[in-house]
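This report concerns only the one structure given below.
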Amino acid sequence: MSESTIESVLHEERVFNPPSEFSSYAHIKSLDEYEQLYEKAKADPVAFWAELAEQELEWFQKWDTVLDWNDPPFAKWFVGGKINICYNCLDRHLTTWRRNKAALIWEGEPGDTRTLTYAQLHREVCQFANAMKQLGVKKGDRVGIYMPMIPEAAIAMLACARIGAVHGVVFGGFSAEALKERLGDAEATLVITADGGFRKDKVVALKEQVDLALANNACPSVQNVLVVQRTKEPVTMVEGRDHWWHDLQKQVSDDCPAEPMDSEDMLFILYTSGSTGKPKGVVHTTAGYNLYTHMTTKWIFDLKDTDVYWCTADVGWITGHSYIVYGPLSNGATTLMYEGVPRPSNPGCFWDIIEKYKVNIFYTAPTAIRAFIKMGEELPNARNLSSLRLLGTVGEPINPEAWIWYHRVIGNEKCPIVDTWWQTETGGIMITPLPGATPTKPGSATRPFPGILAEVVDLDGTPVPANEGGYLVIKHPWPSMMRTVYKNPERFRNTYWEHIAPKDGEYIYFAGDGSRQDEDGYFWVMGRVDDVINVAGHRLGTMEVESALVSHPSVAEAAVVGKPDDLKGEEIYAFVTLEGDYVASDALLKELQAHVVKEIGAIARPGEIRFTDVLPKTRSGKIMRRLLRSLAAGQEIVGDTSTLEDRSVLDKLRSGS
Ligand code: WTA
C-alpha cells in the first residue's frame, strides 16, 4: 500500500448501513443481534462453539471435551468426537431435497460447462476415493493435488477427506521446483494432477511439471500419479506409476462409506510463505475446521438455498479450500467454480458469468477490483448484474476508492460489502462485517466474528489506544486455528506465539499484520509487519525469492522488498549484487527473472531487479530492508540510519551505482 492510500484509509469517515431489506432476510439481522452473539461467545467461547457444533454438524460420535488447551499453543477441539467433513459436505444433504440441487456449477475457460448435483458430486467423490484406495492410499497418507480449476480438483479434495487421506493442494501456478519441495516435505505417496489446464488462452502443462518434479527419484515417497484428462494434449505416462482417471473410473464402484475420523485427525496441509526461505506446511484438522468454515460461510455470506455463490479464488489457496469447497458445501449451497481469469481476449468474463448464472454472492480480491477499475465501467455496465445481493473481498487491504467503485459499479449501491480479514493459518474468516448487521466503512474489515477475540497490542501484549497502530493478535483459541507447522512444532511456536510476550504468560496468537482499531472498535488492517509481501493477493516470503535468486550462479547477494503498486498492492523489487565474473545487463536481468519463475512460479517474478555493488547492512551484517523499501518506493529515507555499517552505501544506492 502506498503512503497516500494509507493516508486515505486513516481519514475515511463514510459509513454504509446494511440495507433494511437485506437485514430483514439475513441470518444475523441487526447490530444488536451481532453484539449479543459476540458477548455470549466472549463470555463462554467453549459453550458457544459446542452449541453450534451440535446444531450445525452431523457427528458419528459426540465429543468428550470441547477444547483442550492444556498444552498451549497446541489446541485440540472436540476431543473424542468422530466426524467426517466429506460426509457433512455431501452425504447429509442426500437425504433432503438438496439431493438434486446443484452443488457445483463449473465453467471452463474455453466456455465448456458442467453442473454436478449433490447426488452426482457424491457419486464422483466416492468413485475417486475408491480409485485412490485401489492405488493403496490409506488413512493418514499424504496426497499432493496439483490441478487446474476443474471439478476434479474439488472432487479429489473431498475424496481424500472421505477416506482420511491428508491433502496437500499445490497451486497450479507453482513451478516443478516448488512442487517438488512441497511433495517432499509432505512425503506424499500419491499426486493427483491433470494433463493440463487453460489459463489466459494458453495451455498450462501441469503433468509435465509433475514429471519434472519427480524426475531422478527426487520425491521417493511418491508411488503413483493419477491424471485427469482436461486439455487432451499429449503427455508422457510412466508405466506402473501414472494412471488415467478415466481408466480407473471404469473399474471402481461408487460405494465408499465415509471414514469416521477423530476430530483432531489431520485434514490437510497447505504450504504458505513465511519469513524464512522455506514455506511452512500449515496443518488443519477435521472437526474444528468443519465447524468454523461452516459457520463463517453461513453468517458472512448469508447463504440461502436459492443462492448461486461464487468465490473467484483458486483451490490452491486457503480461500479456495474454505470458501469454494468446504464452507459452501457443508451448508448445502450452490458453489460456482470458474477455470479462467480476466484476460485480454475476454476482460469481461467475470461479468458474463454473473449474468449467465445469475450469481447472487460474489467474493473476490481487491487486486482484481483495481484491475477492473482500469478496464473501465463499460464492461460491467454492459451486463445485467442485478442478481447480485452481496459482495466480498479478501487477501489484502482494500483502498476506499476501490471499495466505493465495487459498491457503486458492481453492487449498484444496494449490495453490502464484506471485507474479510483472515489467513491460511486461521483457516477461516476472523474479522469481517456480518452483512445484515454491521455498518461498513470503506477500507475496514470492521469487527471480529463471534468467538474471535482480536486485539491490537504492543509487544507486551498491552492493547494500544484507539487509532494507534500496533500488532494484530488473537487471544483465545478458535476451532479452525492451524494446529502446527507440519513436522516442525518449534517453528509453529516461535513464528506465532513468541513475538508477543505478555507478563502473565498468556498465549497470544501473533498474526504478522499491523493494524489499528478506531473509536468504534473497527479494525483497519495495514499490512504485514514481517518479511512477507502481498503481490496481487498472493502471499510471498521475501527470503523465498532471495533464496531463488542466490541459487543462480551470477548472484552473490539478494535483498527483496515490496514496492507499492497501484494494481497489485505490492510488486517484487530485488536488489542484487553479482559475483565477480558477472556484469549487469538486460539479458542477465531477464535471465534472473526467468530463474525465479523456474524456482517458484510466475507469481514470484520480480517486477524490478536493481543491480548494485553494495547492500546497506548493520554492523552485525543484517540487511537493512527498511532503507531498501524506501529506496524501492522512491521515498526519502527517514528514521534512524545510525546502525548502518557504511553510510556511503546509501549515497551509492541513491546515485544508482
Ligand atoms: C492479508 C488469505 C487486509 C494479511 C485469506 C494476511 C488482508 C494475509 C485481508 C494472509 C483483508 C488477507 N484486509 N489484509 N481483508 N485478507 N489479508 O494466508 O496480510 O494467503 O496476513 O490468506 O493476507 O494471506 P493468506
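The values are calculated or read from the model by the stated rules, or taken from the named source; none is laboratory data. As the structure is a computational prediction, the values presented were derived from the model and not from experiment. Glycine also receives a Cβ, built like all others from the backbone with ideal geometry; neighbour counts cover every protein chain displayed.
Filtering the stretch 372-403 to residues that are touching a residue at least 40 places away in the same chain (Cβ under 8 Å), crowded, with 17+ Cβ neighbours inside 10 Å and more than 13 Å from the ligand (Cβ to nearest atom) leaves R389, L390.
From the list L248, L291, the one residue that fits, being surrounded by fewer than 19 Cβ atoms within 10 Å (Cβ to Cβ) and aliphatic (A, V, I, L, M), is L248.
Among the residues of the stretch 532-583, those identified as of a type in the set (G, A, S) and in a strand (DSSP E or B) are G541, A556, A558, A559, G562, G569, A574. Taking D352, is it more than 15 Å from the ligand (Cβ to nearest atom) and either in contact with a Lys or Arg (Cβ under 6 Å, 6 or more places away or on another chain) or within 18 Å of W106 (Cα to Cα) (or both)? When the stated conditions are applied, D352 passes them. Here the stretch 333-354 is the region considered, the condition is being part of a loop (DSSP other than H, G, I, E, B) and under 22 Å from the mean Cα position of the chain (by Cα), and the residue that is farthest from K202 (Cα to Cα) is A333.
Taking the stretch 285-306 as the range and being out of contact with any Gly (no Cβ under 9 Å at 6 or more places or on another chain) and within 14 Å of the ligand (Cβ to nearest atom) as the test, no residue passes. Within the stretch 1-34, the set of residues being surrounded by 14 or more Cβ atoms within 10 Å (Cβ to Cβ), modelled with pLDDT of 95 or more and not in a loop (DSSP other than H, G, I, E, B) comprises F16, F22, S23, L31, E33, Y34.
With respect to the conditions (1) within 14 Å of the ligand (Cβ to nearest atom); (2) within 18 Å of the chain's Cα centre (by Cα), Y309 lacks only one, and its number is (1).
Within the stretch 585-606, count every residue that is part of a loop (DSSP other than H, G, I, E, B) and surrounded by fewer than 16 Cβ atoms within 10 Å (Cβ to Cβ). The total comes to 1. Counting only strands (runs of 3 or more DSSP E) wholly contained in the stretch 65-128, the ones carrying 1 or more residues that are among the small types (G, A, S) and surrounded by 19 or more Cβ atoms within 10 Å (Cβ to Cβ) occupy 102-107. The criterion of at least 3 residues that are touching a residue at least 40 places away in the same chain (Cβ under 8 Å) is met, among strands (runs of 3 or more DSSP E) falling completely within the stretch 219-296, by 224-228, 266-272, 280-285.
Condition (residue is assigned by TED's automatic domain parsing to the domain that holds A53, assigned to a loop (DSSP other than H, G, I, E, B), more than 12 Å from the ligand (Cβ to nearest atom) and over 30 Å from D185 (Cβ atoms)) applied to the stretch 479-492: is it met by at least one residue? Looking through the stretch 479-492, none of the residues is assigned by TED's automatic domain parsing to the domain that holds A53, assigned to a loop (DSSP other than H, G, I, E, B), more than 12 Å from the ligand (Cβ to nearest atom) and over 30 Å from D185 (Cβ atoms). For the stretch 404-412, the count of residues that are closer than 18 Å to W524 by Cα and either touching a helix residue (DSSP H, G or I) at 6+ places or on another chain (Cβ under 6 Å) or in contact (Cβ under 8 Å) with a residue 12 or more places away in the chain (or both) is nonzero.
Can you name the residue in the stretch 414-430 that is over 18 Å from the mean Cα position of the chain (by Cα) and assigned to a loop (DSSP other than H, G, I, E, B) and is also nearest to the ligand (Cβ to nearest atom) among such residues? Across the stretch 414-430, the extreme among qualifying residues is P416.
When you look at Y363, is it away from the ligand (no atom under 16 Å from the Cβ), surrounded by 16 or more Cβ atoms within 10 Å (Cβ to Cβ), in contact (Cβ under 8 Å) with a residue 60 or more places away in the chain and not charged (D, E, K, R), yes or no? Considered against the rule, which asks whether it is away from the ligand (no atom under 16 Å from the Cβ), surrounded by 16 or more Cβ atoms within 10 Å (Cβ to Cβ), in contact (Cβ under 8 Å) with a residue 60 or more places away in the chain and not charged (D, E, K, R), Y363 comes out as no.
Exactly one residue out of P433, P502 is surrounded by 23 or more Cβ atoms within 10 Å (Cβ to Cβ) and either in a loop (DSSP other than H, G, I, E, B) or in the same structural domain as A26 (by TED's automatic domain parsing) (or both), and it is P433.
If you filter the stretch 505-529 down to residues that are buried (at least 17 other Cβ atoms within 10 Å of the Cβ) and in a loop (DSSP other than H, G, I, E, B), you find that the one that is farthest from the ligand (Cβ to nearest atom) is Y507.
Checked against (1) closer than 30 Å to E608 by Cα; (2) within 16 Å of the ligand (Cβ to nearest atom); (3) modelled with pLDDT of 95 or more, E544 passes all but condition (3). As for the stretch 634-651, it holds at least one residue that is charged (D, E, K, R), surrounded by fewer than 20 Cβ atoms within 10 Å (Cβ to Cβ) and in contact with a Lys or Arg (Cβ under 6 Å, 6 or more places away or on another chain).
When restricted to residues that are away from the ligand (no atom under 16 Å from the Cβ) and in contact with an Asp or Glu (Cβ under 8 Å, 6 or more places away or on another chain), the stretch 261-277 contains 1.
Within the stretch 163-181, residues that are on the phi > 0 side of the Ramachandran plot reach partners that are at pLDDT 95 or above with beta carbons closer than 6 Å, at six or more positions or on different chains, in the pairs G164/K139; G164/E259; G164/M261.
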